[in-house]
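Structure in structure tokens, see below.
The values are calculated or read from the model by the stated rules, or taken from the named source; none is laboratory data. Owing to the predicted nature of the structure, the values given are computational and were not obtained by experimental measurement. Glycine gets a Cβ as well: all are built from the backbone with ideal geometry, and neighbour counts include every protein chain shown.
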Amino acid sequence: MTEASPTLAGRIMPVLTVLLAIVVIWYLAAVWMNAPWVRDQAARADAVLTTDDLVRQTLTLERPVLPAPHQVAAGLWDGITGQAITSKRSLVWHGWITLSATLAGFAIGTAAGILLAVGIVHNRAMDQSVMPWAVASQTVPILAIAPMVIVVMASAGVTGLLPKAIIAAWLSFFPVLVGMVKGLRTPDAMQLDLMHSWNASGSQRFWHLRLPNSLPYLFASLKVAIAAALVGTIVGELPAGATAGLGARLLSGSYYGQTVQIWAALFAAAILAAALVMLIGWIESLTLRRMGLAR
Amino acid sequence: MTVIEACDVSLTFQTADGPVHALKDVSLTIAPGDFVSFIGPSGCGKTTFLRTIAALETPTGGTLAVNGMTPEAARKARAYGYVFQAPGLYPWRTIAGNISLPLEIMGFSRSDRAQRIARVLDLVDLTGFGSKYPWQLSGGMQQRASIARALAFDADILLMDEPFGALDEIVRDRLNEALLDLWKKTGKTIGFVTHSIPEAVYLSTRIVVMSPRPGRITRVIDSPLPRDRPLEIRDTPEFIALAQQVREGLREGHSYD
């Protein structure tokens, strides 16, 4: 049943190869994209530019068009370890702001998705009415919704974490809803017949059969949902006025042409997303293995 | 005294291709302690008839009484345990946990549950396997666990829909023997759907031969075999003659098409 799993080296080598290729392409692109500025500066100063100088200067600019990988890495390292974590220049501080809103939004979205799915599976009227609205909610660009949520809630005196969490929930409830509707409907006819033969009530059917059966679908959805929640939170941090969070860091970076800062924040967000998805994957494999549902 | 009394039971499914007569004028009475097998080709309504007894389907005509009640009332009174072709055990529950499930749903107390689980595990010869998970057991053992689950709440009637159909011949023989043993110990009334002539003849006190389009009973054969049946009884002339009778009954049903 299980295929021979490749050795650790066998699994890591392809990843490293791709990574190396990306880094090489990135360096080439950095030189190429930053070269016009460097040439321009040299022309103004009437300096003669050797290829060696060109390459060195394109990779060490203060505000490059495309920062080189080592510049981003340095920026990321400085943002994470180089600052007190209470500092507004610390990526840990901004990351925590974003993470807390992401988790809050993820929790709200997951709860909403599960509740709506339960309603859809158990109530005919909801079955026919909720889904089109849920789909419609996802076709509206989140970039259009987010500022409105922020502004409307701010005018009601609600600022900070909650408005961002609402936007994160807006994006994350949908995959949970779709996955859970499918999951709650997976029990086959025989299982439902057995429940019927025992004269089980609707809630007994739900707790003993439908809910445990839906967990593999739920976990698959949660992985999508948490990544979506992070995107939602960052989008919620972009509208004017936001001063905290990775989104705000991205925005202020672009205001002041701090491309290294933008890229560092971008990578911080990506690392955060990967960690969150991996965390859910870990809980998933632990739970499903314990339940005998691992596939 | 009858356990199941069917009088002109009909069941017609309305499909896109027109009505399908799954059952037509099926009349049958089953006495307490009977072991009744339903045999016939696919589409003859044997499973459907078992399901109407279990109130999993509702007849569109005729009358059907289970323990003197409507099937629906009998279901609510936990008159029967149902065993399907697949064990249908929950992978996240142990064997004991699976047997406990209907008991939990029916509201038995914790101590009562433990006692019943131990008793039915012993009945199906799975003592000591209660704490194992389904995947740790063979297919035959899983099916025995599902029979234990159907027995746990003391229904008088055991309805079995091709319970051994997915198992190999050797395991099937052993389970047939075990089922007869269990039937003798508990005195349940058993309704048993099967494709296999030897299985039907070996197990039953009565064999109901059915045929399709429309699903109906073509023959009811009372078995002259004694209730005590070692496996070797299958080599006796009586057994072979009975099997012959069933085969003829099946052929009769087919002469229509």
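Looking at A:LEU246 and the list (1) within 14 Å of chain B (Cβ to nearest Cβ); (2) over 30 Å from B:ILE99 (Cα atoms), which single condition is not satisfied?
(1)
Take A:GLY105 and decide whether it is in the same structural domain as A:LEU218 (by TED's automatic domain parsing) and on the phi > 0 side of the Ramachandran plot.
Answer is no for this residue.
In segment A:182-191, is there at least one residue being within 18 Å of A:THR110 (Cα to Cα) and of a type outside the set (Lys, Arg)?
yes
Now a separate question. Do you know which residues across segment B:52-70 are more than 16 Å from the chain's Cα centre (by Cα) and either crowded, with 22+ Cβ neighbours inside 10 Å or within 20 Å of B:THR2 (Cα to Cα) (or both)?
Residues satisfying the conditions are B:PRO59, B:GLY62, B:THR63, B:LEU64, B:ALA65, B:ASN67, B:GLY68, B:MET69, B:THR70.
Out of curiosity, is A:ALA111 at pLDDT 90 or above and under 30 Å from A:TYR217 (Cβ atoms)?
yes
Can you tell me which residues in segment B:177-191 are within 12 Å of the chain's Cα centre (by Cα) and of a type outside the set (A, V, I, L, M)?
Within segment B:177-191, B:TRP183, B:LYS188, B:THR189, B:GLY191 meet the criteria.
Looking only at residues that are more than 17 Å from the chain's Cα centre (by Cα) and of a type in the set (S, T, N, Q) in segment B:197-220, which one is surrounded by the fewest Cβ atoms within 10 Å (Cβ to Cβ)?
B:THR218
When you scan segment B:13-24, do you find a residue that is free of Cβ contacts under 8 Å to residues at least 12 places away in the same chain and either assigned to a loop (DSSP other than H, G, I, E, B) or within 22 Å of B:PRO163 (Cβ to Cβ) (or both), even just one?
yes
So B:PHE49 fits all but one of (1) outside the structural domain of B:LEU126 (by TED's automatic domain parsing); (2) over 13 Å from the mean Cα position of the chain (by Cα); (3) surrounded by 19 or more Cβ atoms within 10 Å (Cβ to Cβ); what number is the exception?
Only one criterion is unmet by B:PHE49, namely (2).
So which residues in segment B:106-131 are charged (D, E, K, R) and surrounded by 11 or more Cβ atoms within 10 Å (Cβ to Cβ), if there are any at all?
Hits for segment B:106-131 are B:ASP112, B:ARG113, B:ARG116, B:ARG119, B:ASP122, B:ASP125.
Additional query: Can you tell me which condition A:THR159 does not meet? The list is (1) over 29 Å from A:TRP282 (Cα atoms); (2) part of a loop (DSSP other than H, G, I, E, B); (3) within 14 Å of another protein chain (Cβ to nearest Cβ), and all the others hold.
A:THR159 satisfies all of (1) over 29 Å from A:TRP282 (Cα atoms); (2) part of a loop (DSSP other than H, G, I, E, B); (3) within 14 Å of another protein chain (Cβ to nearest Cβ) except (3).
Then there is this: Can A:ARG289 be described as part of a helix (DSSP H, G or I), among the basic types (Lys, Arg) and either touching a residue at least 40 places away in the same chain (Cβ under 8 Å) or crowded, with 18+ Cβ neighbours inside 10 Å (or both)?
no
Any chance you could count how many residues in segment A:189-209 are more than 7 Å from chain B (Cβ to nearest Cβ) and either within 16 Å of B:ALA74 (Cβ to Cβ) or free of Cβ contacts under 8 Å to residues at least 40 places away in the same chain (or both)?
So the answer is 8.
Now a separate question. May I ask you to verify whether B:THR194 is surrounded by fewer than 19 Cβ atoms within 10 Å (Cβ to Cβ), under 23 Å from B:ALA79 (Cβ atoms) and not charged (D, E, K, R)?
no
Can you name every residue in segment B:148-179 that is farther than 9 Å from B:GLY81 by Cα and in contact (Cβ under 8 Å) with a residue 60 or more places away in the chain?
B:ASP161, B:GLU162, B:PRO163, B:GLY165, B:ALA166
A further question on this structure: What are the pairs with Cβ atoms under 8 angstrom where one residue, in segment B:75-95, is at the interface with chain A (Cβ under 8 Å from one of its Cβ atoms) and the other, located anywhere, is hydroxyl-bearing (Ser, Thr, Tyr)? Sequence gap at least six, or different chains.
Matching pairs, first to second residue: B:ARG75/A:SER197; B:TYR80/A:SER197; B:GLY81/A:SER197; B:TYR82/A:SER197; B:PHE84/B:SER146; B:GLY88/B:SER146; B:PRO91/B:TYR133.
From the list B:MET69, B:MET141, B:MET106, which residue is out of contact with any strand residue (DSSP E or B) (no Cβ under 7 Å at 6 or more places or on another chain) and within 12 Å of another protein chain (Cβ to nearest Cβ)?
Matching residue, one of B:MET69, B:MET141, B:MET106: B:MET106.
So which of A:ALA269, A:ALA225 ends up being farther than 25 Å from A:LEU66 by Cα and touching a residue at least 40 places away in the same chain (Cβ under 8 Å)?
Just a single option satisfies the conditions, and that option is A:ALA225.
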